[in-house]
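> Before I ask anything, let me first share the structure, which is written out below as structure tokens.
The values are calculated or read from the model by the stated rules, or taken from the named source; none is laboratory data. Nothing here was measured: the structure is a model prediction, and the numbers come from that model. Backbone-built Cβ (ideal geometry, glycine too); neighbour counts: all protein chains shown. The protein model used for the area step is the full one, side chains on, heavy atoms only, and it has no ligands, DNA or RNA in it. Shrake-Rupley method; radii C 1.70, N 1.55, O 1.52, S 1.80 Å.
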Amino acid sequence: MAGSPSPLTTHVLNTAMGVPCSNMALSLYRQDPSTNAWNLITTGTTNADGRCPGLITKQIFTSGVYRMRFETAQYWESIEETCFYPYVEIAFTINDPGQKYHIPLLLSRFSYSTYRGS
Amino acid sequence: MTSADPNPLTTHVLNTGDGVPAAKMDVSLHRLDSTLMIWNMLSVGTTNEDGRCSGLVSREAFSPGMYKLRFETGSYWENMGQNSFYPYVEVVFTITETEQRFHLPLLMSRFSYSTYRGS
């Protein structure tokens with residue numbers, strides 16, 4: 001994964017245990033504006049720090065509606081717990097692909113939050 | 001009391017950017033048909049002045065399964081003449097204990113939101 005860093009980043013945190021969510025599967029989609037179908041851009045897994053570098057390249061980061069999907073129940077099951085949310089999907093609109101967008105997910109078994117960060 | 005509660009699923013939408021309830025927001029409840037893998041819409045409503053929307057599902061219809069609450073947050077902010085980062089918010093959750101109550105608030109601003117299982 002050479003080249004400049006992804007203009008879109010995430011950071012998944014397990015707020016119940018006070019640790020990053022490592023080994024969580026996630027995927028990024030972009031909506032086709034003419035058909036409204038969702039096209040898969042990339043899949044990945046969070047590293048030990050709960051991050052997933054290389055989500056998208058500047059070249060293909062166009063304006064549009066995106067969706068990031070986090071396999072939250074699978075993550076909690078891997079540490080032998082259940083989760084109220086089978087997965088979390090966050091849909092967001094990119095109007096200016098020249099900016100950087102940081103979309104964290106703060107997660108527990110019964111709650112989550114997200115925000116546009118930096 | 002909880003087993004007799006006719007409203008097993010409630011929500012409360014708060015506009016944390018302005019510190020007010022999010023009134024007049026369209027909300028819909030869907031349940032996943034796990035055989036066909038498609039979402040069936042169970043109900044659609046609009047939040048009242050207090051940001052609440054009642055009657056989403058009856059106790060009788062509240063079977064175990066995967067549900068989705070969809071909040072038309074993008075339209076809400078557009079109606080106030082503002083843009084927002086999220087075109088909509090969907091919260092997907094799994095119900096196994098149908099005799100319980102589930103209160104699922106949404107706290108949201110133009111650039112953030114959070115949800116939790118409350119009471």
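> Counting only residues that are away from chain B (no Cβ under 11 Å), assigned to a helix (DSSP H, G or I) and either within 23 Å of B:Gly118 (Cα to Cα) or touching a Gly at 6+ places or on another chain (Cβ under 7 Å) (or both), how many does the stretch A:62-118 have?
4
> Filtering the stretch A:96-107 down to residues that are touching a strand residue (DSSP E or B) at 6+ places or on another chain (Cβ under 9 Å) and not aliphatic (A, V, I, L, M), which residue is most open to solvent (accessible area, probe 1.4 Å)?
Top of the filtered list is A:Lys100.
> Out of A:Phe70, A:Phe84, A:Phe110, report the one residue that is within 27 Å of B:Thr98 (Cβ to Cβ) and open to solvent by 20 Å² or more (accessible area, probe 1.4 Å).
A:Phe110
> Right, something else. When you check A:Thr43 against the structure, is it facing chain B (nearest Cβ under 10 Å) and under 30 Å from B:Ser34 (Cα atoms), yes or no?
Against the criterion (facing chain B (nearest Cβ under 10 Å) and under 30 Å from B:Ser34 (Cα atoms)), A:Thr43 does not qualify.
> Any chance the stretch B:9-16 includes a residue that's touching a strand residue (DSSP E or B) at 6+ places or on another chain (Cβ under 9 Å), surrounded by fewer than 17 Cβ atoms within 10 Å (Cβ to Cβ), at pLDDT 95 or above and in a loop (DSSP other than H, G, I, E, B)?
yes
> Now for a separate question. Would you tally the residues in the stretch B:73-96 being more than 11 Å from chain A (Cβ to nearest Cβ) and surrounded by fewer than 20 Cβ atoms within 10 Å (Cβ to Cβ)?
Of the residues in the stretch B:73-96, 6 are more than 11 Å from chain A (Cβ to nearest Cβ) and surrounded by fewer than 20 Cβ atoms within 10 Å (Cβ to Cβ).
> Please give the number of the condition A:Ser4 fails out of (1) at pLDDT 95 or above; (2) in contact with a helix residue (DSSP H, G or I) (Cβ under 8 Å, 6 or more places away or on another chain).
For A:Ser4, the exception is condition (1).
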